[in-house]
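The structure appears below as structure tokens.
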Amino acid sequence: MYIVVRLLNGFQKPLAYRVPELYHGTKLIGRIVQVPLRNRLVYGLVCQQCAQLDTRITFEVRELQSLGAVPDDDGYTAFIERVARHYAIDRITLLKRLQHFLDDDKPHAIDETLFGERVLPGPVVLTSEQRCVYDALVPAFDQAHYVPALIHGVTGSGKTEVYKKLIARCCEQSKTAVVLFPEVSMAVQFARHFKDTLEVNAPVYSFHSASSKKEKEQVWAALLAQTPIVLVGVHMPILLPIGNLGLIIVDEEHEVGYQEKKHPKLNTKDIALMRAQQYMIPIILGSATPSIASLYQVKTGRWQLFKLTQRYTGAFPRVQVVSLTKERRNRRNFWISKELERELALRLERGEQSILFINRRGLCFFVQCEQCAHIVYCPHCSVSLTLHHDQRLHCHYCGVHQPMPARCPACKHTHFLRKGIGTQQVVGIVQELFKQARVARADLDVTSKKQLWQQTITDFLERRIDILVGTQTITKGYHFPGVTLVGILWADLNVHFPVFNAAETTLQQLTQVAGRAGRASQESVVIVQTMADHPIYRYLNERDYINFYVDELAHRQALGYPPCGRLVELEVVHADEPTVIRDAHILASWLMDRKSADMTVLGPAKPLVSKIKNTHRRTLSIRAPNFAVIMVIYEALPLRRLASRVYFTPNPLT
């Protein structure tokens with residue numbers, strides 16, 4: 001008996017191996033096995049099993065060594081195949097994520113102390129709204145049904161308490177619960193919270209890019225042992241083999257962070273829904289600002305909707321929209337309106353805390369020559385460089401940085417204008433206006449440094465920081481009881497981006513950051529500063545958010561955009577710009593000649609960032625009523641005729 005194997009290390013050519021008698025009669029297709037390659041052992045996926053090989057083979061066929069130490073999961077192979085088909089990629093691309101575990105030759109011993117007795121916290125008493133949600137979802141654990149449920153809970157309504165009760169129910173049935181968050185910083189925070197407060201005798205593990213090797217080994221050991229655990233992460237947990245999977249929770253389900261930034265741009269939320277459906281288990285999706293797509297699933301009867309309308313503690317803030325373009329001469333700094341300055345001073349006087357939100361880091365967006373208007377761009381990407389406090393210009397795409405030039409590279413002039421504003425500049429402005437204030441920053445420059453970010457959060461919670469200046473990092477899931485003021489410095493910064501869901505993502509972001517105010521106070525304020533008026537400001541009160549869905553859906557239906565239609569992006573990539581332009585037009589012409597009447601082909605277009613790390617890109621979009629129509633035409637694309645790589649992304653998110 002023989003098998004044909006595709007190696008997980010990326011080696012493209014399938015290899016044949018002889019099956020030892022020990023494994024005769026074992027179904028090996030879809031299994032991960034260990035096989036010899038030259039002078040070492042490697043792991044691969046069995047794609048074919050046969051009695052005889054082609055008689056023309058002239059090389060020596062070596063023997064399979066062992067089956068890989070992979071957790072038993074009867075539905076795993078079919079699940080991986082489904083995800084691979086959906087993203088038009090090879091199964092090996094997905095399974096390579098297991099390489100970390102399989103290449104580790106150390107024994108995966110379970111830390112027995114983690115499974116011993118724990119001192120459990122006292123029971124949390126749910127509110128009547130929370131109890132209704134819990135009681136309605138409990139039967140799903142007993143009936144083995146696929147139950148997608150959307151919890152639309154206002155900020156501070158206690159969605160996490162409902163999650164914890166459902167997780168406990170899952171673990172009581174010896175099942176594993178997977179809890180997903182859109183960012184690593186959130187996963188770290190909530191894993192710690194779950195460890196401290198979950199009323200269940202099951203270990204809680206983090207599984208993401210910031211997890212230690214030891215913790216990943218403990219996860220793998222628990223999966224091999226079919227031990228019930230609580231697995232907290234971002235992207236990776238949903239692609240692990242989990243034979244006793246019983247519950248999936250997707251918190252902040254609206255977040256674009258669930259789509260990976262690198263190709264293939266897997267959407268973890270979509271993959272979680274596929275897995276829950278195949279494994280016939282409940283999946284809970286929670287948000288204070290649910291995505292238009294999720295609310296549409298509720299409207300069409302595919303999902304259940306549960307509402308949490310009351311804050312667990314505190315009251316909703318008063319929201320005030322302020323124009324930045326009016327009364328400019330009557331304030332000390334352009335970016336701090338009189339209204340915001342007055343409220344900041346009041347909070348400092350009372351000993352309360354404030355958050356200032358600007359979704360740009362650095363000192364300013366870009367620097368521009370005062371004489372000839374030259375802008376300093378990244379040499380490797382089609383984006384301007386951002387000035388930081390270290391007086392260096394940084395690229396936020398490839399990471400390159402260089403000193404601020406003394407003279408303009410174009411005309412040798414010595415003066416530059418600083419355009420826009422970032423978190424570092426805001427910190428400086430606030431410290432100048434309020435010299436007694438303790439001010440800190442929360443952006444990627446801080447959150448990427450694990451210890452610094454943890455210290456910043458601790459200091460803010462313990463009232464050692466008066467004003468926290470941050471980007472979208474502070475909009476997601478954090479509970480700061482001392483905050484009674486949120487200032488949004490430039491609310492319309494992203495709303496005019498040329499993408500179909502710009503209004504949705506902007507409103508979600510503004511609502512989430514506004515929701516940090518008043519979570520433990522009966523009186524709080526949100527100051528929303530804007531350059532121009534926009535209809536989304538009518539919905540900044542959380543209780544009006546659902547009305548935005550009604551208006552936005554009408555626009556989407558008129559244009560056939562998701563969720564009323566399906567959208568797929570084709571990204572054409574090559575190091576040579578003329579080549580990528582030529583190949584993009586070849587694809588566009590081919591698609592236009594073969595598209596069906598109900599299909600629309602858009603592009604090729606030059607994306608906002610058309611070059612990253614010296615690689616040029618062009619995009620095409622296909623819009624159609626369903627994915628089946630798109631997949632038929634995609635599978636026939638003449639990709640072999642192209643010099644460029646082509647990436648396929650269903651449901652692209654910005």
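The values are calculated or read from the model by the stated rules, or taken from the named source; none is laboratory data. On a predicted model such as this, the values are computed, not experimentally measured, just so you know. Cβ coordinates were reconstructed from backbone atoms using ideal geometry, including for glycine residues, and neighbour counts include every protein chain displayed.
Any residue at all in segment 482-499 that is in contact (Cβ under 8 Å) with a residue 60 or more places away in the chain, outside the structural domain of L180 (by TED's automatic domain parsing) and among the polar types (S, T, N, Q)? Scanning segment 482-499, I find at least one residue that is in contact (Cβ under 8 Å) with a residue 60 or more places away in the chain, outside the structural domain of L180 (by TED's automatic domain parsing) and among the polar types (S, T, N, Q), so the answer is yes.
Kindly check whether there is at least one residue in segment 618-638 that is under 23 Å from S384 (Cα atoms), over 23 Å from the mean Cα position of the chain (by Cα) and crowded, with 20+ Cβ neighbours inside 10 Å. Among the residues of segment 618-638, at least one is under 23 Å from S384 (Cα atoms), over 23 Å from the mean Cα position of the chain (by Cα) and crowded, with 20+ Cβ neighbours inside 10 Å, which makes the answer yes. Within segment 455-481, being among the hydrophobic types (A, V, I, L, M, F, W, C) and part of a helix (DSSP H, G or I) holds for I457, F460, L461, I474. Of the set (1) modelled with pLDDT of 85 or more; (2) surrounded by 17 or more Cβ atoms within 10 Å (Cβ to Cβ); (3) within 30 Å of G301 (Cβ to Cβ); (4) not hydroxyl-bearing (S, T, Y), all apply to R91 but (3). Within segment 366-382, restricting attention to residues that are under 30 Å from the mean Cα position of the chain (by Cα) and surrounded by fewer than 19 Cβ atoms within 10 Å (Cβ to Cβ), the residue that is nearest to V427 (Cα to Cα) is Y377. For residues that are of a type outside the set (V, I, T) and touching a His at 6+ places or on another chain (Cβ under 8 Å), tally how many sit in segment 181-215. So the count comes out to 2. Of all residues being within 32 Å of the chain's Cα centre (by Cα) and of a type in the set (G, A, S) in segment 25-51, which is surrounded by the fewest Cβ atoms within 10 Å (Cβ to Cβ)? Just the residue, please. It comes out as G30. Taking the listed residues K195, K265, the one that is more than 14 Å from L150 (Cα to Cα) and in contact (Cβ under 8 Å) with a residue 40 or more places away in the chain is K265, with no other qualifying.
Go through the residues of segment 577-591 one by one and say whether even a single one is in contact (Cβ under 8 Å) with a residue 12 or more places away in the chain, within 25 Å of the chain's Cα centre (by Cα) and crowded, with 19+ Cβ neighbours inside 10 Å. No - not one qualifying residue is present in segment 577-591.
Please work out which residue is surrounded by the most Cβ atoms within 10 Å (Cβ to Cβ), limiting yourself to segment 225-244 and to residues that are among the β-branched types (V, I, T) and within 22 Å of the chain's Cα centre (by Cα). Please lay out each step first, then the result.
Taking segment 225-244 first, the residues among the β-branched types (V, I, T) are 227, 229-230, 232, 234, 238, 242.
Now restrict to residues that are within 22 Å of the chain's Cα centre (by Cα): 230, 232, 234, 238, 242.
Details: V230: 25, V232: 29, V234: 23, I238: 27, I242: 27.
Applying the filter and picking the extreme gives V232.
Only one entry of L570, L602 meets the criterion of being buried (at least 18 other Cβ atoms within 10 Å of the Cβ) and not assigned by TED's automatic domain parsing to the domain that holds I271, and that entry is L570.
Filter segment 319-333 for residues that are under 30 Å from D544 (Cβ atoms) and under 36 Å from the mean Cα position of the chain (by Cα); which is modelled with the lowest pLDDT? Only one residue tops the list, namely T325. Considering segment 376-398, the residues that are among the hydroxyl-bearing types (S, T, Y) and part of a strand (DSSP E or B) include one that is farthest from R441 (Cα to Cα), namely Y377.
A quick yes/no check of all residues on (1) crowded, with 20+ Cβ neighbours inside 10 Å; (2) over 26 Å from V154 (Cα atoms); (3) among the aromatic types (F, W, Y):
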| position | (1), (2), (3) |
| --- | --- |
| G420 | no, yes, no |
| A442 | yes, no, no |
| T458 | no, no, no |
| M531 | no, yes, no |
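The strands (runs of 3 or more DSSP E) found wholly in segment 558-646 include none carrying at least 3 residues that are of a type in the set (S, T, N, Q) and farther than 16 Å from Y87 by Cα. Filtering segment 209-224 to residues that are under 11 Å from M236 (Cβ atoms) and buried (at least 22 other Cβ atoms within 10 Å of the Cβ) leaves only V219.
For segment 404-454, taking the residues that are assigned to a strand (DSSP E or B) and under 28 Å from I375 (Cα atoms), the one that is nearest to the chain's Cα centre (by Cα) is identified as A442. Exactly one residue out of D492, D533, D544, D445 is within 18 Å of W335 (Cβ to Cβ) and acidic (D, E): that is D492.
Looking at Q277, Q353, just one residue is under 24 Å from the mean Cα position of the chain (by Cα) and at pLDDT 90 or above, and that residue is Q277. Filtering segment 1-19 to residues that are among the small types (G, A, S) and either part of a loop (DSSP other than H, G, I, E, B) or closer than 8 Å to G44 by Cβ (or both) leaves only G10. Selection of segment 388-421 for residues being farther than 26 Å from N494 by Cα and of a type in the set (V, I, T) yields only T414. For segment 174-188, check the following and say yes or no: at least one residue is more than 28 Å from G518 (Cβ to Cβ), acidic (D, E) and surrounded by fewer than 22 Cβ atoms within 10 Å (Cβ to Cβ). Taking every residue of segment 174-188 in turn, none turns out to be more than 28 Å from G518 (Cβ to Cβ), acidic (D, E) and surrounded by fewer than 22 Cβ atoms within 10 Å (Cβ to Cβ).
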